[in-house]
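What follows is one structure encoded as structure tokens, with my remarks underneath.
Taken together, the values in this text are just the output of simple stated rules run on the coordinates, not laboratory data. This structure is a prediction, so every number in the text was calculated from the model and none was measured. When we count neighbours, we look across all protein chains shown, and the Cβ atoms used for this are built from the backbone with ideal geometry, even at glycine.
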């Protein structure tokens, strides 16, 4: 059996251990439920899962919002998240292939640097779970103004896979480099 290579401890040493996170769910139907006052349960399973997984790993949620699949609203939401004291941002939704999936287009225009390896690794891990349907995801990550951003598909399973399998194991290492 082939052994997994690990990043030498020296690369991760000195990194902060706790960070602040902003979470944005991008879903028109959930947005309108909330706007119509159905606040108690808009059915945001992915957002709730993201909040739970991030806090379970010792990080704080400092901002949360639900946005419709509209370029201007996504841009406003990301701008608000960037203006908070969040160190990193997680979005869920809008990474697919439908005409309404515009999260990637909005975020791509804002990125100072893209982490191509994130999308590649996410699709590999997805392939291991769901097979060739993984090609439908355009999940991306990068850096905007010294804050990391991770754009995930809207399914709760995809959010869990990305957060537990990639983001949480590497967030300290990522943030160390983002701030250098």
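Structural remarks
- Residue 129/residue 20 FRET efficiency (R0 22 Å; Cβ-Cβ; nearest 0.05): 0.15
- Put a dot 7 Å past the Cα of residue 85, heading toward its Cβ, do the same for residue 99, and the two dots end up 4.4 nm apart.
- The relative contact order of the chain comes to 26 percent, based on Cα pairs under 8 Å that sit 6 or more residues apart.
- Between the alpha-carbon centres of region 88-118 and region 148-178 there is a gap of 13 Å.
- Seen through its C-alpha gyration tensor, with square-root eigenvalues sorted a ≥ b ≥ c, region 79-180 comes out oblate because a/c lies at 1.5 or above while a/b is not bigger than b/c.
- Bridge type composition, the chain - antiparallel percent by DSSP, nearest 5: 30
- Ordering of 62-73, 104-115 by burial proxy (mean other Cβ atoms within 10 Å per residue, highest first): 62-73, 104-115
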